[in-house]
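Every read-out reported here was derived from the displayed coordinates using simple, explicitly stated rules and does not represent laboratory data. Note that the structure is a prediction, hence the values are computed from the model and not measured. Backbone-built Cβ (ideal geometry, glycine too); neighbour counts: all protein chains shown.
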Amino acid sequence: MFSKNSLPALAALAALVLVLNIPIRAGAASQKSLPAPGPDKGGLASLYPGDEGIERDPRVLFVDDFETGTVAQIGARWGSISKKENIKLSDDIHNNSPGNKSIHISKNGHLFTHTKGVDTIYTRFYVKFHERIGYVHHFVHLVADRTPMPWPKGGAGETPPGDAKFSTGIEPTGRWGKFPPPGVWNFYTYWHEMKTKWGSVFNGKQTQIQPGRWYCVEAKFKANTSPDKSDGEQAFWVDGELYGRFEGFRWRTTDKLKINSFWLLFYNTDQPARHNKDPRPESRVMEVWFDDVVIATEYIGPVRGKPKGGKKKATPSKSALLTPGLLIAEPGKAVFSEKFEQGAGNFKGGAVSNGGVDGSKAYAFGPKGASLWDTFSTEVKDSTTIRFKLKPLCEPGEVQVMIWSKKQKDNCRYKIGGLRKSQWRNVEFRAIEARVGWGMKGPSLEGDILDNIKLIFERGQDDRILLDDFEILK
Ligand SMILES: [Ca+2]
């Protein structure tokens, strides 16, 4: 690139840069070398007055200030939006807002997104509850999910396996009627070592949340550094003040499980009004505003200062799942596929039938199941995917996929619920999601060989389900 003779000239240039303190390259790359200011120094936000340019900091994973796009466009870049009809842009903004708009959710709704998977995550958001807010059922969550999907998964009342999932919600709670709505902040956390199947609650400083007032809420979620260490942590701040720090957790049993999902959730049922003995539940207005969401690997802090031009518009982020392969390995090549056009192939237990997808042939099987043995063999990796279509010809219950594990000397299972009579359903899951035990709480198929599969269901012996477009991908 440079001849020997140009070296002295370069040295002179370097000296000039040093003397004049000329930034060699302003922006993202140069920030990397700066230590992140901690909570006592104002966090990452102190480096970006009015949050201007914060989205370009390499430690920042996701930003949305709701200044750009329609609600539909916001939903598209987050990856998942629910109850779109309840979500609107609003001109109600917090005092320090560097923009002009916030997002408003009434009744129920969510925005759900994914970041690159990390071991420590911080989130900051601004939030305001309606002056007549009631008690809220569930609120904003951070999630570590080994097999992320574009939409949030259920899991209420289920202890997640330590290599599959852990999550925490920063939520308002009335603490059984002790505080008026919406209550005080707490963490509501799910992980493999939680004491009850309904999760664990962590109370911090119990200061009443004032309805009708904007707050800056921040949460930290740090995974344990190795599977055998109990050094995981979580903490939350309100308006920059530490309200609670909780340490000593073994959130996960494998480093492969990363924190990678953010759920801006406003979920309401009549249950919290009952639990908190709300005397006037009918008078409540379930509405909330959010703004200035930042997710990072370092402490963020409340918005500091003003943008140069008075107001700013961030370049909003998009879900990491919208970049194929970034968050979870894409399915590999097909090692087996069957469309039943030439017969049953190696499938046993059912019979080829009309009524397949788009007028093709399908495979009809009864409660005793359809199975495949000695037809394919592939090592189970994160990318290994099982994909097929099902159409029940009866009122279906749950369909169970069973895969015999030589390693575990037991069946690994994957359950398919929510099927509807006479409707095709696309089923797709990762082989590592199949687990030993009826409750799928045992070891997964990870590191095993996938060389068999069986689908069964519990119904009358004459009931049938159609199977089509079956594929196993590496
Ligand atoms: Ca805004």
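Applying the Karplus relation 6.51 cos²θ - 1.76 cosθ + 1.60 with θ = phi - 60° to region 105-121 yields 3J(HN,Hα) values of 10, 10, 6, 8, x, 8, 10, 9, 9, 10, 10, 3, x, 9, 8, 9, 10 Hz, where x marks Gly and Pro.
Put the Cα centre of region 174-198 next to the Cα centre of region 236-313 and the gap is 14 Å. Starting from the amide H of SER261, placed 1.01 Å from N in the peptide plane, find each other amide H under 5 Å away whose residue is 5 or more places distant or on another chain. Correct list: THR115, VAL143, ASP145. For region 334-473, the relative contact order is 38 percent, taking Cα pairs closer than 8 Å that sit 6 or more residues apart in sequence and dividing their mean separation by the residue count. Tilt of helix 6-20 relative to the longest C-alpha principal axis of the chain, in degrees (0 to 90, nearest 10)? Helix 6-20 sits roughly 60 degrees off the main axis of the chain. Here the chain is treated with +1 on each Lys and Arg Cβ and -1 on each Asp and Glu Cβ, and its dipole about the Cα centre works out to around 160 debye.
Residues in region 447-461 carry Karplus couplings, in order, of x, 9, 10, 9, 9, 7, 6, 9, 10, 10, 8, 9, 7, x, 5 Hz; the curve used is 6.51 cos²θ - 1.76 cosθ + 1.60 with θ = phi - 60°, and Gly or Pro positions show x.
The relative contact order of the chain, computed from alpha carbon pairs under 8 Å that lie at least 6 residues apart in sequence, is 18 percent.
Annotation: peptides 354-360, 69-75, ranked by per-residue average of other Cβ atoms within 10 Å with the highest first, follow the order 69-75, 354-360.
Along the charge dipole of region 35-322, which of PHE179, TYR48, ALA219 sits closest to the positive end, that is, farthest toward it, with unit charges on the beta carbon of Lys, Arg, Asp and Glu (+1, +1, -1, -1)? Comparing the listed Cα positions along the dipole, PHE179 ranks first. The per residue volume of the convex hull around the alpha-carbon atoms of region 109-202 is 120 Å³.
A dipole drawn for region 302-430 from +1 and -1 charges on Cβ atoms has a positive end, and of GLY349, SER319, SER371 the residue lying farthest that way is SER319. For region 177-281, the alpha carbon convex hull comes to 129 Å³ per residue, rounded to a whole number. Ordering 248-260, 201-213 by mean Cβ neighbour count within 10 Å, with the highest value first, yields 248-260, 201-213. Size descriptor for region 334-473, Kirkwood hydrodynamic radius: 15.0 Å (Cα pairs only, one decimal).
Taking amide H as placed 1.01 Å from N in the peptide plane, PHE62 has its amide H under 5 Å from the amide H of ILE295, each at least 5 places away in sequence or on another chain.
Phi angles of region 206-219 translate, via the Karplus equation with coefficients 6.51, -1.76, 1.60 and θ = phi - 60°, into HN-Hα couplings of 9, 9, 3, 7, 7, x, x, 10, 6, 10, 9, 10, 9, 9 Hz per residue; Gly and Pro are given as x. Listed cross-link partners LYS256/LYS454; LYS84/LYS312; LYS84/LYS313; LYS178/LYS258; LYS83/LYS258; LYS339/LYS421 are compared with a 31 Å cut-off, the Cα-Cα value being larger for LYS178/LYS258. Using the alpha-carbon positions of region 35-322, Rg (one decimal) and Dmax (whole number) come out as 17.8, 52 Å.
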